[in-house]
Amino acid sequence: MSSGLRKSHCVRCDKERATSKCTGCLQDFCYTHFIQHHQELNKQLEDVYSNYSLFRQALNFQISRTNNELLLRQIDQWEYDSIRLVQQTANECRQILSQHPSNDIHQIDMHLVRLTDQIEAMRHEDDFNEMDINQFKEKLEESKDRLGHLVEELDRSSVVTIQHTSTPLINKILVTVSSQQPLPSININNNSVWKRHGIMIAGGNGRGSKLNQLAYPRGIYVDDDDRTIYLADHDNHRIVRWRFNAMNGEIVAGGNGPGKALNQLDRPTDVIVDKKNDSLIICDRGNSRVVRWFHRSDRSPQVIIPNIYCSRLTIDDNGSLYVSDGERHEVKRWKTGEAEGTVVAGGNGKGDFPNQLNSPTALFVDQDHSVYVSDHHNNRVMKWVDGAMKGMLVAGGHGQGDSRSNLDHPQGLVVDRFGNIYIADSWNHRIVRWAYNAKKGVIIVGGNGRGDNSDQFQYPVGLSFDQDGSLYVVDQNNNRVQKFTLD
């Protein structure tokens, strides 16, 4: 932005004064309003820079999903061992890898670095105008659109493997890209906003045991295929199924009073649907067990994990079951067919060190099999990479409080494909989103004090999304489930 002093009318105050012409918008400003105009442009540039930073967070998450370096080392080793015939085949494999979406994602990263450097240089030199800002905005939107297309391709074909085929002379390798079962696709992104007021879709008729009532509900499972939600109705010792737009729920497990019999539950805390085995898997915490409850009436319930103070559970794309144990302060994983589980988070006693947990509750497992844990009494969320000996702090961890950097007894937990973490910040009566690598969270619903209005909660403990991006919140002390649609 440059200027040349002359007498003319200022576009802001309409007074004839010595003015300067902005080379961007080509309008005349007096000295006072010229400075003001420059400050406004500076604010716009800061906003663009902030958007670039948010986009980089999403891009870094996608880069973390790629594993091409390991595969290229395998190709290079094969090339070394197989001498001349290998060179041609190695080049073919590299060509396949170069066409994989992850390669284009890295190219976007390099382009973003260059653009960010240009913005920083302009800020340092204090030399820019509207045309520069608009150009950066256009380039950012182009990069976002390109990343969106590549993520869709990556989700459809995200597993890159090496296959071996025998030949008379050498062991020839082939790079193949195969489809894997993705985590549920949720129609949300970094800029998604939800309506402030929720729609009550289950309960909300006071605490009770009637079919239109709930009593301190806990975990939730949203089944998009059947347009149904399943709820762990804690104090009613039952699991209820609530179809979309229904006035009443249906008892699908328990409901026979508290007890240890196989047809009974005692204060269940979570439920998931195992479609492969046509059953429900339930945290039967009062009985210190995990049970499988079949949909077919001719099959009796089964105890699949005994002697565990089960808080929450989830299942990954391989069918492995993950359970948080609030007494042992650990999370265990049971692979299909295993009799003994493996500790994948905590397991080093109660505490707040990176290798410890304190009453873990909700769980989320991503496509890399990293485990996210709501570390309830430590007021934080930890991420444990598969095989890691200690966790990484990804949200909270600054003590109990209600500032944007605090969590207060977190529970329900979901992570989207960009690495954004959605948390039921229970004792703060709000749902917050922590962006990838962020130091503070953002309130997306609630946060209006404890209450029973449609924009308030009383100790939210569970959350989930449907495929349309609508947010479901289990509002424990209001004995209801609220649905928040995208705005």
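At a glance:
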quantity: Of the criteria (1) aromatic (Phe, Trp, Tyr); (2) closer than 17 Å to Pro460 by Cβ; (3) in contact with a helix residue (DSSP H, G or I) (Cβ under 9 Å, 6 or more places away or on another chain), which one Tyr422 fails; calculated: (3)
quantity: Arg312 being closer than 19 Å to Leu231 by Cα and in the same structural domain as Leu231 (by the TED database); calculated: yes
quantity: Residue list for the range 223-256, restricted to those being at pLDDT below 95 and not polar (S, T, N, Q); calculated: Asp223, Asp224, Asp225, Asp226, Arg227, Arg243, Phe244, Ala246, Met247
quantity: Residue in the range 455-473 that is assigned to a strand (DSSP E or B), open to solvent by 20 Å² or more (accessible area, probe 1.4 Å), assigned by the TED database to the domain that holds Arg207 and farther than 17 Å from Leu363 by Cα present; calculated: no
quantity: Scan of the range 212-249 for residues that are of a type in the set (S, T, N, Q) and open to solvent by less than 50 Å² (accessible area, probe 1.4 Å), ordered by number; calculated: Asn212, Gln213, Thr228, Asn236
quantity: Count of residues meeting criterion [farther than 18 Å from Ser405 by Cα and open to solvent by less than 20 Å² (accessible area, probe 1.4 Å)] in the range 438-454; calculated: 1
quantity: Residue pairs meeting the criteria (Cβ under 8 Å; at least 6 apart or on separate chains; first on the phi > 0 side of the Ramachandran plot, in the range 367-395; second among the acidic types (Asp, Glu) and open to solvent by less than 40 Å² (accessible area, probe 1.4 Å)); calculated: His369/Asp316; Asn379/Asp408
quantity: Number of positions in the range 294-331 that are open to solvent by 50 Å² or more (accessible area, probe 1.4 Å) and under 15 Å from Leu357 (Cβ atoms); calculated: 3
quantity: Test: residue in the range 387-401 that is closer than 18 Å to Val481 by Cβ and in a loop (DSSP other than H, G, I, E, B); calculated: no
quantity: Sole residue being surrounded by fewer than 16 Cβ atoms within 10 Å (Cβ to Cβ) and modelled with pLDDT of 95 or more, chosen from Ser185, Ser209; calculated: Ser209
quantity: Residue match in the range 25-44 (condition: under 50 Å from the mean Cα position of the chain (by Cα) and either modelled with pLDDT under 85 or among the small types (Gly, Ala, Ser) (or both)); calculated: no
quantity: Ser297 in contact with a Pro (Cβ under 6 Å, 6 or more places away or on another chain) and either among the hydroxyl-bearing types (Ser, Thr, Tyr) or under 27 Å from His237 (Cβ atoms) (or both); calculated: no
quantity: Residue check for Gly419: buried (at least 21 other Cβ atoms within 10 Å of the Cβ), small (Gly, Ala, Ser), touching an Asp or Glu at 6+ places or on another chain (Cβ under 9 Å) and outside any strand (DSSP E or B); calculated: yes
quantity: Residue within the range 392-400 that is within 12 Å of the chain's Cα centre (by Cα), surrounded by fewer than 22 Cβ atoms within 10 Å (Cβ to Cβ) and modelled with pLDDT under 95 present; calculated: no
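The values are calculated or read from the model by the stated rules, or taken from the named source; none is laboratory data. On a predicted model such as this, the values are computed, not experimentally measured, just so you know. No Cβ is skipped: glycine too gets one built from the backbone with ideal geometry, and neighbour counts run over all protein chains shown. Quick note on the areas: whole protein, heavy atoms, side chains included, nothing else; ligands and nucleic acids left out. Shrake-Rupley method; radii C 1.70, N 1.55, O 1.52, S 1.80 Å.
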